[in-house]
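Let me begin by presenting the structure, written as structure tokens, before commenting on it.
Every read-out reported here was derived from the displayed coordinates using simple, explicitly stated rules and does not represent laboratory data. Keep in mind the model is a prediction, meaning the values are calculated, not measured. Cβ: placed from backbone, ideal geometry, glycine included. Neighbour counts: every protein chain shown.
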Amino acid sequence: MATATAEVTYLEAISDGLREEMRRDESVICIGQDIGAFGGAFKVTDGFFEEFGADRVLDAPLAENAIIGAAVGAAVEGMKPVCEMQFADFIACGFDQLVNVAAKLHYRQGVAVPMVVRLPSGGGFSGGPFHSQNPEAWFLQAPGLKVVAPATADDAKGLLVSAIRDPNPVCFLEHKGLYRNVKGEVPEGDHSVPFGEARVAREGEELTVIGYGSAVHLALRAADELGEDIEVIDLRSLCPLDVDAILASVRKTSKVLVAHEATQSCGVGAEVAALVSERAFEDLDAPVRRLTTPDVPIPFSPPLEQAVLPQLDDIKEACRELLAW
Amino acid sequence: MNRTDGAVANGSAREADTLGLREAEEPPLTRDDRASLFRLMVMMRASEERGITLYRQGKVPGSFYDGRGQEAISVGSAFVLGPRDRMCILHRDLGAHLVRGVTPDRYLANYMGRAGGVTAGKDGNMHFGDRELGCVGMVSMLPDMALVATGMAMAFKIRREPRVAMTYFGEGSTANGQWHEAMNFAGIHGLPVVFVLENNQFAYSTPNELEFAVDPVERAAGYGFPGVSVDGNDVEAVFEASRVAAERARTGDGPTLIECETMRMHGHGAHDDMSYVPEGMFERWTERDPIDRYARRLVDELGFSADEVEGIRSEVAEYVERGALEALESPMPDPGEATRGVFADEWRPLGDGRAPWSHWSELPERAEAA
């Protein structure tokens with residue numbers, strides 16, 4: 001049982017979780033572009049090549065379907081591949097293997113595919129339309145994939161460890177904006193966080209803000225700056241979704257704002273809003289609101305990007321409106 | 001090069017040299033092996049013919065896809081594998097399933113969407129692989145399974161296991177980028193995978209000359225491993241090329257691409273009238289039918305009597321008919337199953353396949369060691 005903790009960044013927590021699982025279980029391998037001697041575009045696998053060797057830290061050619069497809073085959077044969085998309089956006093090039101092969105194999109044939117796809121996602125740094133996306137909703141329409149999106153360093157390690165140990169394909173969305181900006185105490189040694197359990201990031205009675213990833217930090221700041229009695233729920237896991245935690249909070253506060261950086265239509269916010277209206281309609285004192293990026297590609301120029309990504313003032317304004325309802 | 005007339009590639013002899021096939025002596029096949037090869041090809045055809053009858057009787061939802069004329073390829077190639085080798089099998093390759101141990105009743109039940117089918121109704125027609133027999137079933141996107149087989153081979157290589165992954169695709173698939181990704185990845189890492197390319201002259205209705213500018217077998221060299229073209233209607237030629245390729249893979253020499261020249265003698269599916277096939281092409285390929293040809297060779301050159309050959313045919317016909325009756329008795333799946341099984345609770349290893357080649361049964365210690 002882990003007891004000691006250390007303060008590490010979100011990125012270091014991902015590295016630590018991955019490194020520890022590779023030490024614990026030799027069937028865990030990494031595959032991705034530039035992850036070997038170079039250590040990865042964001043240095044998540046820095047030092048892995050030296051410690052685990054070329055067999056277990058595979059530099060892949062620029063071929064995302066090959067990364068995902070080869071991982072499927074290796075997973076079926078008992079390896080636990082952790083694929084790195086250099087940017088989450090590039091999963092589009094490996095999408096076929098993910099949604100048609102990996103996601104459906106167990107349903108169709110009873111063949112488990114224990115693999116993880118790490119997806120550095122999110123914007124806010126002028127990455128432009130192809131290095132800033134939050135593609136989680138794509139995966140939620142592909143039954144058979146689990147989808148998690150940690151907001152804290154603790155969860156970054158704990159959810160990654162659970163993802164590696166899960167017998168299913170797991171999409172692990174790691175927000176690039178949190179990599180070095182978020183730090184926290186993380187248990188050293190064996191530490192896992194179960195899927196399907198949301199976290200109450202801040203307790204409150206008047207309004208529930210439901211988010212995940214970067215939006216959790218935005219919501220916490222908004223709540224603090226507003227000084228209001230706002231509850232913040234960090235979903236952590238998008239599939240499976242912690243329906244009970246969502247409904248319990250709604251029944252307590254009767255007002256809901258769903259916030260995420262991904263675009264709006266048919267996103268997680270839409271799913272949560274539908275769920276609340278179906279299952280907790282009589283508990284609501286106000287319409288469920290969404291605060292998301294509008295349905296546009298993420299633009300490059302800073303004023304354009306800031307105009308579409310949810311900002312602190314936007315979430316504060318949305319909270320004020322709901323509190324006043 | 002217009003090859004829709006079915007001519008075997010001129011370069012085949014030169015390419016065959018790269019695998020040392022010309023130096024090879026008679027394929028290491030016993031009399032029983034040859035009877036098995038013949039029996040399995042006949043079983044594939046009889047099962048598919050029975051399936052088409054069920055389709056015409058309205059007992060098969062959707063369409064029907066068979067591999068008539070291509071029996072030598074899946075039977076001859078799968079026959080070389082050991083129990084612990086693994087396969088991703090395509091929709092024209094029922095013979096490979098039969099080699100590995102799938103029985104006709106389960107194949108026919110799968111076509112009819114019955115609970116007794118290999119996928120228990122979760123997927124249809126040839127979209128199956130029996131996990132207990134070391135197979136991962138295909139998806140409709142082609143050639144996706146080339147990458148999955150490559151990944152299985154990657155696991156074998158990482159663990160230093162002398163095992164082989166074998167997979168199939170049509171010449172149509174070679175136009176898709178994933179084919180390149182698989183060839184390139186397997187070539188880079190020298191993975192123990194055997195790629196069996198079935199050039200059956202058409203991708204649905206599209207002939208070779210509209211599929212590629214260069215024969216795909218020639219591209220193997222560009223990926224750094226040998227490609228060989230063989231007569232896909234000669235079961236022993238397919239066997240021998242596959243045997244050498246599997247041995248290369250097992251001993252660390254990496255992947256091989258085997259192009260099997262053949263002809264799809266039925267439509268893409270039962271709904272396809274094949275009006276696009278040039279006049280005379282069927283007739284030419286009918287003369288090269290892999291089953292009739294092998295039957296003649298068994299009698300004329302390999303010491304079988306005509307009665308023996310006929311005996312195998314009638315024995316198989318009875319066996320398949322019993323299988324069809326069993327499949328018809330299999331119930332439809334419980335609708336409650338439709339929402340079950342999306343996620344796995346645990347990973348379990350694939351089972352091992354049947355390995356009927358005498359080489360494996362005569363050397364049980366080798367099978368165990370593998």
Which loop-located chymotrypsin sites (Phe, Trp or Tyr not before Pro) does region B:237-313 contain, where loop means any DSSP state but H, G, I, E or B and the Cβ has at most 16 other Cβ atoms within 10 Å?
B:276
How long are the semi-axes of the equivalent ellipsoid of the protein assembly as shown, taking √(5λ) for every eigenvalue λ of the Cα gyration tensor, in whole Å from largest down?
53, 27, 22
Partner chain coverage, peptide B:130-140 - average Cβ within 10 angstrom
3
What ³J(HN,Hα) values, in whole Hz, does the Karplus curve 6.51 cos²θ - 1.76 cosθ + 1.60 give for region B:323-334 when θ = phi - 60°, with x put for Gly and Pro?
x, 4, 5, 4, 4, 5, 7, 5, x, 6, x, 5
Fluctuation leader among B:40, B:257, B:54 - chain B, Gaussian network, Cα springs under 10 angstrom:
B:54
If I model a spin label at residue B:286 and residue A:320 as a point 7 Å from the Cα along the Cα→Cβ vector, what separation in nanometres do I get?
8.5
Computed log₁₀ I(q)/I(0) - Debye formula, equal Cα scatterers, no solvent, region A:7-187, q 0.13, 0.16 Å⁻¹:
-0.57, -0.90
Counting pairs of Cα atoms in chain B, how many percent are more than 38 Å apart?
12
Which loop GluC sites (Glu not before Pro) in region A:156-191, with loop taken from DSSP, have no more than 16 other Cβ atoms within 10 angstrom of their Cβ?
A:188
Per the C-alpha gyration tensor (a ≥ b ≥ c, the square roots of its eigenvalues), region B:254-370 is rounded if a/c is under 1.5, else prolate if a/b beats b/c, else oblate; here it's oblate
Among B:232, B:249, B:299 the positive-end extreme of the charge dipole of the protein assembly as shown (Cβ point charges):
B:299
Going through A:104/A:157; A:43/A:255; A:104/B:59; A:43/B:122; A:43/A:146; A:43/A:80 one by one, the pairs whose alpha carbons sit over 30 Å apart turn out to be A:43/A:255; A:43/B:122
Nearest-0.05 FRET efficiency for residue A:6 and residue A:50 at R0 = 22 Å, using Cβ-Cβ distance, is 0.50
Per the helix-only calculation at 222 nm, which mean residue ellipticity applies to the protein assembly as shown, given -39500 (n - 2.57) for every DSSP H run of n ≥ 4 and division by its residues, nearest 500 deg cm²/dmol?
-12000 deg cm²/dmol
Is the C-alpha gyration tensor of region B:270-325 telling us rounded, prolate or oblate? Criteria: a/c under 1.5 is rounded; beyond that, a/b larger than b/c is prolate, otherwise oblate.
oblate
Just want the ordering: A:45, B:339, from fewest to most Cβ atoms lying within 10 Å of their own Cβ.
B:339, A:45
Per residue of A:214-226, how many C-beta atoms from partner chains lie within 10 Å of its own C-beta, taken as a mean?
0
Under 5 Å, built H, 5+ apart or other chain: amide partners of residue A:174:
A:119, A:121
If we count other beta carbons within 10 Å of each Cβ, what is the order of A:43, A:104, fewest first?
A:43, A:104
Under the definition of partner shielding as Cβ atoms of other protein chains within 10 Å of a residue Cβ, what is the mean value for peptide B:331-339?
0
